[in-house]
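A.B. asks: This is the structure I want to talk about, given as structure tokens.
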Amino acid sequence: MENFIWYNPTKIIFGKGKHLQTGEITAEYTKKVLLVYGGKSIKATGTYDDVTNSLKKAGVEYEELAGVKPNPRLSLVYEGIKICREKNISFLLAVGGGSVIDTCKAIAAGVCYEGDVWDFYKTLMVPEKMLPIGVVLTIPAAGSESSDGSVITKEDTQEKRDCCCDLMFPKFAILNPELCYTLPENQIRAGGADILAHIMERYFVPNENTDLSDRLCEGAMKALITNLPKVLENKKDYDSWAEIMWTGNVAHNGLLGKGRLDDWASHGIEHELSAIYDIAHGAGLAIVFPAWMRYVYKEHPQRFVQFANKVWDIDTDSMDEDTACLAGIDACESFFRSIGLSTRLSEVGIGDEKIPLMAEKACASRMLGSFKKLDSGDVDAILRSAL
């Protein structure tokens, strides 16, 4: 087991009706916020009215920034920074999923920085000061509601980059599974793939003697695999949504990776895919991850045998090692397909034209991964195997 420090200061408020306490909870920190959200969906579902009425009741003033899109854009971050400075706002409230939360984190960093906030995403610089943020989560997927990271896309250069530091942990996150009832199926599918990928990035590592975190990862994966089909069948299944929402949080709050070397190669590859083609992040991961698995499994095959047995309940004792590894990978890909996700680039209209560019950009500043170190040639091969 590796040495580690685990720190997560985000207060989680979980359960039915909890978003109705947004104003009361926010008022503990500030009396004026920038309310950041996506489009019309939170207004159509009533979540917008619930949150704003709660803010008013608690005496919390708010300015608004709408229009956050999937693969959140740097241009809107600049707009948010401008609003905060002009309106003297010192707290941000994200109502939405990972894209909204990541936008808030970038704005929070940019307001306190004299230079270009993109500096934090294109280099190893980290913010020395940030505005605090709070979250009302409406889409369980990214785990950004209690993570230390943010991912932003720079549209003109088609770059998607991340920034991580302890200041990016939200002060609080309100998780009410009832807010998931109206999610469209494509967001449910992609969100589930994102959650599963966050766990697998931590599970597929070269470390040994990680029994506790192995069992935690395997339990989280099985919870997601069991409950995601249930909410696709019945969107108002509260108990299954509660399992998914909590799994999504635990998948990315830092706990599951402690004592082991996270990989993140598949995320690095997918970021180039969604930066250029604007595919949903989770949908891209459902394509990249099986291809990555088949490319790297021989580095540490026992890890993949364990994956097949513990996560997919495959009787690996009756198989040779190679067959057992591939059986687990096939089961994972079959799961993605069973919930309606594509697992090939060609199925989403992406060809090989920009594979060399994506491979080059993915490894421009470093090799990817810890399970197997990948250079641009490896990334090129993985993407071609996913055509």
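The values are calculated or read from the model by the stated rules, or taken from the named source; none is laboratory data. Only a predicted model underlies this, so the values are computations on that prediction, with no experimental measurement involved. All Cβ positions, even for glycine, are placed from backbone atoms using ideal geometry, and neighbour counts span all protein chains on display.
A.B. asks: Condition test on S99, is it surrounded by fewer than 23 Cβ atoms within 10 Å (Cβ to Cβ) and polar (S, T, N, Q)?
C.D. replies: no
A.B. asks: What single numbered condition from (1) within 13 Å of the chain's Cα centre (by Cα); (2) in a strand (DSSP E or B); (3) among the aliphatic types (A, V, I, L, M) fails to hold for A193?
C.D. replies: (2)
A.B. asks: Can you tell me which residue within the range 86-125, out of those that are of a type in the set (D, E) and assigned to a helix (DSSP H, G or I), is nearest to the chain's Cα centre (by Cα)?
C.D. replies: The qualifying residue nearest to the chain's Cα centre (by Cα) is D102.
A.B. asks: Now a separate question. Just checking, how many residues over the range 284-323 are touching a residue at least 24 places away in the same chain (Cβ under 8 Å) and in contact with a Ser or Thr (Cβ under 7 Å, 6 or more places away or on another chain)?
C.D. replies: Residues flagged as touching a residue at least 24 places away in the same chain (Cβ under 8 Å) and in contact with a Ser or Thr (Cβ under 7 Å, 6 or more places away or on another chain) within the range 284-323 amount to 10.
A.B. asks: Now for a separate question. Could you please find all residues in the range 324-338 being in contact (Cβ under 8 Å) with a residue 24 or more places away in the chain and either surrounded by 19 or more Cβ atoms within 10 Å (Cβ to Cβ) or more than 19 Å from E185 (Cα to Cα) (or both)?
C.D. replies: Once the filter is applied, which keeps residues that are in contact (Cβ under 8 Å) with a residue 24 or more places away in the chain and either surrounded by 19 or more Cβ atoms within 10 Å (Cβ to Cβ) or more than 19 Å from E185 (Cα to Cα) (or both), the range 324-338 yields C325, L326, G328, I329, C332, E333, F335, F336.
A.B. asks: I'm checking my understanding of the structure. Among residues of the range 209-264 that are more than 20 Å from C164 (Cβ to Cβ) and part of a loop (DSSP other than H, G, I, E, B), which one is nearest to the chain's Cα centre (by Cα)?
C.D. replies: Among them, the one singled out is K235.
A.B. asks: Identify, by number, the condition in (1) buried (at least 19 other Cβ atoms within 10 Å of the Cβ); (2) within 29 Å of A359 (Cα to Cα); (3) within 13 Å of the chain's Cα centre (by Cα); (4) not hydrophobic (A, V, I, L, M, F, W, C) that T153 doesn't meet.
C.D. replies: (3)
A.B. asks: Now, a different point. Of the conditions (1) under 17 Å from R303 (Cα atoms); (2) surrounded by fewer than 22 Cβ atoms within 10 Å (Cβ to Cβ); (3) modelled with pLDDT of 95 or more, E208 clears all except one; give me its number.
C.D. replies: That leaves (3) as the condition not met.
A.B. asks: Something else about it: Pick from E63, E79, E24, E2: which is assigned to a loop (DSSP other than H, G, I, E, B) and of a type in the set (D, E)?
C.D. replies: E2
A.B. asks: Still on this model: Looking at I329, I314, can you tell me which residue is among the β-branched types (V, I, T) and over 24 Å from the mean Cα position of the chain (by Cα)?
C.D. replies: I314
A.B. asks: Yes or no: the range 248-257 includes at least one residue that is in contact with a helix residue (DSSP H, G or I) (Cβ under 8 Å, 6 or more places away or on another chain) and surrounded by fewer than 20 Cβ atoms within 10 Å (Cβ to Cβ).
C.D. replies: Yes, that holds for at least one residue.
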